[in-house]
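One structure is given here, and the rest of the page talks about it.
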Amino acid sequence: MIRGAGVDCDAFAPVPTPPEPPLIVLPARMLSDKGVREFVEAARMTKASGHVARFALVGAPDPMNPASIPVAQLSAWRDEGTVEWWGHREDMPAVYAQAHLACLPSYREGLPKSLLEAAACGLPIVATDVPGCREVARDGYNGLLVPPRDAAALSAALSRLIEEPNTRRLMGARSRQRARETFAQERIFAETIAVYRELMA
């Protein structure tokens with residue numbers, strides 16, 4: 001099995017750690033099954049417990065998808081100050097350069113490109129313990145995994161990494177190493193070409 005399409009580790013690369021407070025980004029289409037609602041609820045819980053952090057939704061709704069979250073709801077969350085909504089962004093390396101954590105509390109995934117890119121940028125990851133997410137984030141190694149649809153567990157994981165900048169740095173370095181060793185596009189391209197050569201022979 002070839003793991004995804006790979007990631008450009010030159011375009012997506014670590015930068016110096018940005019200033020506090022921590023910024024946590026959820027990079028995805030704004031769909032319920034990406035865990036957006038749980039992310040917003042976890043943001044509420046985390047802030048209510050006294051933690052200081054920013055939470056940003058980075059992506060656009062998908063009106064043709066029945067799981068799409070309405071623009072009115074996204075705007076309401078933004079206006080109440082629970083989360084920031086940045087909308088669709090073409091400059092994802094610049095987005096990750098501002099972030100301290102990447103989060104994807106999805107219900108299901110293939111192999112999420114957003115987490116590959118975040119890992120290549122040296123970010124620790126908080127994600128759900130589902131196929132796809134757990135391929136990129138190893139619990140306790142380069143991130144934390146939580147059960148899907150569990151805002152309380154998500155808040156606890158995010159709170160831990162908000163409180164522990166040294167753990168964030170260590171996990172971020174491991175994310176970068178994992179991206180380069182396992183998911184770099186050069187490696188994936190070579191594996192793909194090898195399959196074709198085997199078939200052609």
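None of the figures in this text is laboratory data; all of them are computed from the coordinates on show. From a predicted model like this one, the values you see are computed outputs, not experimental measurements. Methodologically, a virtual Cβ is constructed for each residue, glycine included, from the backbone with ideal geometry; neighbour enumeration extends over all protein chains shown.
Pull up all non-local amide H partners of Gly143: gap of 5 or more, or a different chain, and H-to-H distance under 5 Å with H placed in the peptide plane.
Hits under the 5 Å cutoff: Ile125, Arg138.
Within the range 14-48, which residues have the backbone N less than 15 Å from the label spot 7 Å out from His88 along Cα→beta-carbon, could you tell me?
The answer is 28-31.
Mind giving me the nanometre distance, one decimal, between the label points for Tyr141 and Ser32, set 7 Å out from Cα along Cα→Cβ?
Going by the 7 Å Cα→Cβ label model, 3.4 nm.
Can you check what the net charge comes to around Ala118, using other residues whose Cβ is under 12 Å from the Cβ of Ala118 (Lys, Arg +1; Asp, Glu -1)?
+2
Hey, in the GNM for the chain with a 10 angstrom Cα cutoff, which one of Phe55, Phe189, Phe12 fluctuates hardest?
Fluctuation is largest for Phe189.
If you average the C-alpha positions of the range 150-179 and of the range 1-75 separately, how far apart do those two centres end up, in angstrom?
14
Residue by residue through the range 37-45, which ³J(HN,Hα) values in whole Hz follow from phi under the Karplus form 6.51 cos²θ - 1.76 cosθ + 1.60 (θ = phi - 60°), with glycine and proline marked x?
With the stated coefficients, the range 37-45 comes to 5, 5, 4, 5, 5, 5, 4, 4, 5 Hz.
Quick one: among Asp150, Asp62, Asp91, which has the greatest mean-square fluctuation in a GNM of the chain with alpha-carbon springs under 10 angstrom?
Result for the chain, Cα springs under 10 Å: Asp91 fluctuates most.
How large is ³J(HN,Hα), in whole Hz, for each residue of the range 170-183 in order, when computed from phi with the Karplus curve 6.51 cos²θ - 1.76 cosθ + 1.60 and θ = phi - 60°, using x for Gly and Pro?
5, 5, x, 5, 5, 4, 4, 4, 5, 4, 5, 7, 10, 10
Quick query: amide H of Arg54 versus all other amide H atoms, modeled in the peptide plane; which residues come in under 5 Å with a sequence gap of 5 or more or a different chain?
Under 5 Å from the amide H of Arg54 lie the amide H atoms of Leu23, Ile24, each far enough along the sequence or on another chain.
In which sequence would Trp86, Trp77 go, from the one with the fewest C-beta neighbours within 10 Å to the one with the most?
By the 10 Å Cβ count, ascending, the order reads Trp86, Trp77.
Through the Karplus equation 6.51 cos²θ - 1.76 cosθ + 1.60, θ set to phi - 60°, convert the phi angles of the range 55-64 into ³J(HN,Hα) values in whole Hz; use x for Gly and Pro.
Once θ is set to phi - 60°, the couplings for the range 55-64 become 10, 10, 8, 10, x, 10, x, 10, x, 7 Hz.
Which residue, Ala118, Ser175, Ser75, has the largest displacement toward the positive end of the dipole of the chain when charges sit on each Cβ (Lys, Arg +1; Asp, Glu -1)?
Of the listed residues, the answer is Ser175.
Counting only C-alpha contacts under 8 Å and six or more residues apart, can you give the relative contact order of the range 23-200 as a whole percent?
22
Starting from the Cα of Asp10, step 7 Å along the direction of its Cβ; do the same at Asn166; then give the gap between the two resulting points in nm.
3.7
Report, in deg cm²/dmol and to the nearest 500, the calculated mean residue ellipticity at 222 nm for the chain, where each DSSP H run with n ≥ 4 adds -39500 (n - 2.57) and the sum is divided by the residue count.
Using -39500 (n - 2.57) per qualifying helix, the result is -12500 deg cm²/dmol.
Please report, to two decimal places, log10 I(q)/I(0) for the chain at q = 0.09, 0.10, 0.12 Å⁻¹ as given by the Debye formula with identical point scatterers on the Cα atoms and no solvent.
-0.32, -0.39, -0.56
Under 5 Å between amide hydrogens, which residues at least 5 positions from Glu109 or on another chain qualify, with H placed 1.01 Å from N in the peptide plane?
Here Cys133 satisfy the definition.
Once you put a point 7 Å from the Cα of Asp62 and another 7 Å from the Cα of Arg180, both along the Cβ direction, what distance in nm separates them?
3.3
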